[in-house]
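K.L.:
Dumping the structure here so I can ask a few things about it.
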C-alpha cells in the first residue's frame with residue numbers, strides 16, 4: 001500500500017533522511033513552465049522521470065527502468081510528486097509492485113487542488129506550503 005503524505009512531511013524526510021529521494025513524475029512541459037522543487041537546501045537533486053508523455057498522455061513504458069537508471073534502489077525512500085497527487089499515486093504503485101519497498105505519494109502534489117477561481121498553487125501542495133522551488 002502507498003501512503004499519502006503532505007508536501008511538508010516529504011520535505012522533512014528529504015532534509016533529514018539520506019535515503020529519501022524525490023521523484024517528480026510530471027511532464028517535461030510542467031517542469032519547464034510550472035517549475036520544479038528545489039532540493040538544494042536539503043543537499044539533493046530532484047529525480048525527474050515522467051509518468052506520462054506530453055502531449056499524448058501515454059504512460060512511459062520505461063518508467064521503472066528510468067528510476068533505476070537514475071540510481072534509485074529498493075533501499076531508498078521514494079516520495080512521488082505530480083501536479084495534484086493522481087499521477088504520482090499511479091507511479092508509486094508501479095514502483096512498489098516492481099520492488100521499491102518504501103514509496104510515498106505527496107497527496108496534494110506540486111500545485112494542489114484548484115481554488116474557488118480555478119487556480120492551482122494556493123490551497124495545498126508544495127507551492128502552497130512555501131517549500132523551495134524554482135522555475
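Please treat every number below as a calculation from the coordinates, not as lab data. It should be emphasised that the depicted structure is a prediction, and the values quoted were computed from it without experimental measurement.
K.L.:
Relative contact order for the chain using alpha-carbon pairs under 8 Å, separation at least 6, rounded to a whole percent?
P.N.:
Answer for the chain is 31 percent.
K.L.:
Report the extension gain between residue 116 and residue 130 in nm, rounded to one decimal, defined as 0.36 nm multiplied by the number of residues separating them, less their alpha carbon distance.
P.N.:
Working: separation 14, 0.36 × 14 = 5.04 nm, distance 1.98 nm.
Result for the pair: 3.1 nm of gain on full extension.
K.L.:
Out of the DSSP beta bridges found with both residues in the chain, what percent are antiparallel (nearest 5)?
P.N.:
Within the chain, antiparallel bridges account for around 20 percent of the total.
K.L.:
Let me ask you something else. Provide Rg and Dmax in Å for the range 41-116, with only Cα atoms included in the calculation.
P.N.:
Taking only Cα atoms of the range 41-116, I get Rg and Dmax of 12.8, 41 Å.
K.L.:
When all alpha-carbon pairs of the chain are counted, what percent fall beyond 22 Å?
P.N.:
29
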